[in-house]
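Visitor: Below is one structure. I have some questions about it.
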Amino acid sequence: MTTQLLIAGFGGQGVLFAGKFIAYKGLMEEKEVSWLPSYGPEMRGGTANCSIILSDEPVGSPIVSNPDVLIAMNLPSLDKYEDATVSGGSIFIDSTLIGRKVERTDVKAFYIPATKMANDAGIPTLANMIMMGKMIKETGMVRFDDVVDTLKKVVSAKRANLLELNIKALEAGYNYNE
Amino acid sequence: MAEKVLMKGNEAIAEAAIKAGCRHYFGYPITPQTEIAAYMAKRMPKIGGTFLQAESEVSAINMVYGVAGAGFRVMTSSSSPGVSLKQEGISYIAGADLPALIVNVQRGGPGLGGIQPSQSDYFQATKGGGHGDYHLIVLAPASVQEMADLTIKAFDLADKYRMPTMLLADGTMGQMMEPVELPDTPPAEVEKPWAVRGTEGKRTHNIINSLYLDPELLEKTNFERFERYAEIEEKEAMSESFMMEDAEYCVVAFGIAARVAKNAVVAARKQGLKVGLIRPITLWPFPKKVLAEAADQVKGFLSVELSMGQMIEDIKLATACQKPVELCCRTGGMIPSPEQVLESIEKLAKENQ
């Protein structure tokens with residue numbers, strides 16, 4: 001079993017952090033893991049994406065060009081990767097920032113107003129983790145347990161106050177029903 | 001062994017170097033390897049080491065030359081254009097028979113090129129790079145774990161053979177994160193009676209030098225160095241063979257290209273094509289024997305590279321052109337897809353039945 005995840009959005013939306021969380025969760029579930037960021041002359045507001053692969057076997061190419069699961073955090077990302085998503089795959093959309101629907105009929109589409117939910121909950125920087133919560137619920141790519149232990153690996157000790165907020169965001173996404 | 005942690009390839013190199021006893025790092029920032037310098041800047045002051053951002057790559061490599069002469073484990077890192085700048089110093093270090101590690105996290109070239117991953121410094125790394133008759137031992141990691149393991153190995157080999165070694169990675173390997181386990185074992189203790197650390201009035205002084213104005217003496221020095229190289233070629237070549245037992249076609253790739261190629265080999269096997277992969281881990285010495293043996297077994301080779309085709313020449317040499325060697329490549333920072341490699345495998349199989 002191999003799951004290829006692509007998280008794409010603007011720089012500053014926490015795309016790389018969200019990917020790192022999933023990768024670490026996979027590692028703690030004793031899966032084979034790779035995490036590869038796009039890198040380049042990127043800046044806040046520019047595009048950012050990251051490829052995460054979780055597998056029961058050693059990971060070959062770490063580059064995800066045809067995701068099983070796509071998280072689109074902005075419209076350019078959906079435009080760019082919708083067609084690349086594998087048939088039968090899942091696309092998760094931040095519907096606060098993306099006005100259109102998925103055109104493909106052979107993929108599962110989930111619409112989460114993550115940016116609005118994050119703003120309303122007073123955690124405006126954590127729309128990424130709301131998306132992760134929903135993704136975990138719908139795909140089972142990783143288990144929704146021991147998330148605190150995983151978060152401790154990816155949230156620096158200096159920012160320990162953010163642990164609870166991340167959990168709040170994950171739970172909000174996990175429990176969100178369209 | 002310690003617990004597995006997720007690390008970027010660049011960070012794994014830096015931490016592994018520290019584990020290997022390296023306490024002196026000199027560098028100059030350049031994408032996509034800057035995390036190595038950043039990691040060293042953070043860690044070295046805490047463990048009594050030296051981190052120094054030099055005013056240029058040329059300075060950095062000459063600082064490496066100095067510390068290597070004093071007999072301490074030392075390294076520098078850069079990416080392609082920066083490694084070009086270091087070549088003069090690398091030649092001097094080779095000429096003075098000093099151990100040191102140079103890391104090249106390659107990006108697209110020539111010139112300033114781009115910042116995306118590439119393998120187009122293969123010739124520079126394996127065929128000399130600087131002037132004069134010399135080699136570097138060149139190690140090509142294909143996972144973050146190998147970024148760490150081969151860094152430690154590079155220091156050990158450098159000390160063993162008293163020569164500079166190079167870790168030849170690329171932007172993908174540098175930027176990606178994978179689980180990595182770093183060893184807890186202390187670094188190998190190596191006697192360095194040749195080092196210049198002060199005589200304490202007890203012995204005649206050592207000289208570190210690459211200048212030999214007497215041609216007979218220079219020739220003799222070069223002959224002796226090449227005897228060592230012959231021993232290295234005999235003993236130190238490393239490669240991984242994947243699905244080669246019954247293979248009729250052989251893909252050859254290193255580093256990130258080997259990761260992509262592995263996917264393609266698995267896909268080709270599902271179609272019933274008997275394909276295997278040989279992944280050179282040392283690029284110099286090139287795993288000639290393994291390839292020569294494969295030439296007796298397979299009907300053709302496919303070299304997969306992130307360059308216009310450089311390693312392909314070594315494959316042809318190692319196999320004495322007994323079987324066709326085709327090329328599947330992308331360049332300029334592009335990476336072939338597993339599908340592109342698979343198509344090339346299918347074409348190779350069709351043309352060489």
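All of the numbers you see were taken from the coordinates with simple rules; none came from a lab. Treat the numbers as computed from the prediction; the structure is a model and nothing was measured. Cβ sites come from the backbone with ideal geometry, for glycine too, and all protein chains shown count toward neighbours.
Visitor: Quick one: helix B:57-69 against the long Cα principal axis of chain B, what's the angle to the nearest 10°, folded into 0 to 90?
Guide: In chain B, helix B:57-69 runs at an angle near 70 degrees to the longest axis.
Visitor: Sticking with this one: For chain B, set up a GNM with springs between Cα atoms under 10 Å and report which of B:L98, B:L213, B:L182 has the largest fluctuation.
Guide: B:L213
Visitor: Could I ask something else about it? If you average the sequence gap of Cα pairs under 8 Å that are 6 or more apart and divide by the length of the stretch B:122-256, what percent do you get for the contact order?
Guide: Numbers: 103 pairs, mean separation 33.7, N = 135.
Relative CO of the stretch B:122-256 lands at 25 percent.
Visitor: Cut-off is 10 Å between beta-carbons; in what order do B:K299, B:K19 appear when sorted fewest neighbours first? Display every interim value, and only then the final one.
Guide: Details: B:K299 16, B:K19 19.
Lowest to highest Cβ neighbour count: B:K299, B:K19.
Visitor: In nm, what is the difference between 0.36 nm times the number of residues separating B:K299 and B:F226 and their Cα-Cα distance?
Guide: On the way: separation 73, 0.36 × 73 = 26.28 nm, distance 3.41 nm.
Gain on stretching B:K299 to B:F226: 22.9 nm.
Visitor: Of A:K80/A:K116; B:K289/B:K347; A:K25/B:K4; B:K299/B:K350; A:K108/B:K8; B:K8/B:K153, which ones are farther than 21 Å apart at the Cα?
Guide: Values: A:K80/A:K116 23 Å; B:K289/B:K347 26 Å; A:K25/B:K4 13 Å; B:K299/B:K350 11 Å; A:K108/B:K8 32 Å; B:K8/B:K153 19 Å.
With Cα atoms farther than 21 Å apart: A:K80/A:K116; B:K289/B:K347; A:K108/B:K8.
Visitor: For chain B, what's the relative contact order in percent, using C-alpha pairs closer than 8 Å and at least 6 residues apart?
Guide: Working: 777 pairs, mean separation 63.3, N = 353.
Contact order relative to length: 18 percent.
Visitor: OK, next. Which of the residue pairs B:K86/B:K235; B:K288/B:K316; A:K31/A:K137 have a Cα-Cα distance greater than 21 Å in the structure shown?
Guide: Details: B:K86/B:K235 28 Å; B:K288/B:K316 10 Å; A:K31/A:K137 18 Å.
Too far apart for the 21 Å limit: B:K86/B:K235.
Visitor: Any lysines with Cα under 21 Å of the B:K202 Cα? List them, leaving off those in the same chain fewer than 8 positions away.
Guide: Hits, sequence-local ones excluded: B:K192.
Visitor: Okay, moving on. Quick check: pseudo-label points 7 Å beyond the Cα along Cα→Cβ at B:N352 and B:W194, how many nm apart are they?
Guide: With each label point 7 Å from Cα toward Cβ, the separation is 4.1 nm.
Visitor: Relative to the first principal axis of the alpha-carbon coordinates of chain B, what is the inclination of helix B:9-19, with its axis defined by its Cα atoms, in degrees from 0 to 90 and to the nearest 10?
Guide: 40
Visitor: Still on this model: Classify chain A as rounded, prolate or oblate from the Cα gyration tensor: take a ≥ b ≥ c as the square roots of its eigenvalues, call it rounded if a/c is under 1.5, otherwise prolate when a/b beats b/c and oblate if not. Can you show the working numbers first?
Guide: Working: a/c = 1.32, a/b = 1.06, b/c = 1.25.
Cα axes put chain A in the rounded bin.
Visitor: Same structure again: Cα centroid distance between the stretch A:72-110 and the stretch B:227-286, in Å?
Guide: Each part's Cα centre sits 38 Å from the other's.
Visitor: Taking a spot 7 Å from the Cα of B:L112 along the direction of its beta carbon, which residues of the stretch B:166-187 have an amide N less than 20 Å from it?
Guide: Answer for this model: B:171.
Visitor: Over what distance in Å are the Cα centres of the stretch A:1-56 and the stretch B:9-80 separated?
Guide: 28
Visitor: Less than 13 Å apart at the alpha-carbon level, and either on another chain or at least 8 residues along: which aspartates and glutamates does that give for A:K20?
Guide: Qualifying aspartates and glutamates at Cα under 13 Å: B:E178.
Visitor: A follow-up question, please. With +1 on each Lys and Arg Cβ and -1 on each Asp and Glu Cβ, and nothing else charged, work out how big the dipole of the stretch B:5-235 is about its Cα centre, in Debye to the nearest 20. Write down the numbers at each step before the final one.
Guide: Values: 21 positive and 28 negative charges, 129 e Å.
Charge dipole of the stretch B:5-235: 620 debye, to the nearest 20.
Visitor: Can you figure out the FRET efficiency of B:E181 with B:E216, using R₀ = 35 Å and their beta-carbon distance, to the nearest 0.05? Write out the running numbers ahead of the final one.
Guide: On the way: r = 51 Å, r/R0 = 1.45.
Result of the calculation: an efficiency of 0.10.
Visitor: How many angstrom lie between the Cα centre of the stretch B:193-217 and the Cα centre of the stretch A:120-155?
Guide: So the two Cα centres are separated by 61 Å.
Visitor: Now for a separate question. Full-extension gain between B:V5 and B:T204, please, as 0.36 nm times their residue separation minus the C-alpha to C-alpha distance.
Guide: Values: separation 199, 0.36 × 199 = 71.64 nm, distance 4.82 nm.
Answer, rounded to one decimal: 66.8 nm.
Visitor: When only Cα pairs under 8 Å and 6 or more residues apart are kept, what is the percent relative contact order across the stretch B:209-353?
Guide: Numbers: 232 pairs, mean separation 35.9, N = 145.
Averaging sequence separation for qualifying contacts and normalising by length gives 25 percent for the stretch B:209-353.
Visitor: Within the stretch B:145-161, name every residue whose backbone N is under 12 Å away from a label modeled 7 Å from Cα of B:M238 along the Cβ vector.
Guide: B:145-158
Visitor: Please give the charge dipole size of the protein assembly as shown, origin at the Cα centre, charges +1 on K and R Cβ atoms and -1 on D and E Cβ atoms. Round to the nearest 20 debye. Intermediate results must be reported in sequence, preceding the final value.
Guide: Values: 54 positive and 65 negative charges, 222 e Å.
Charge dipole of the protein assembly as shown: 1060 debye, to the nearest 20.
Visitor: Just grab the label-to-label distance for B:A320 and A:K116, each label 7 Å out from Cα along the Cβ direction, in nm (one decimal).
Guide: Those two pseudo-labels are separated by 7.4 nm.
Visitor: Separation between the A:A160 and B:Q340 pseudo-spin-labels, each 7 Å from Cα along Cα→Cβ, expressed in nm?
Guide: Between A:A160 and B:Q340, the label points sit 4.8 nm apart.
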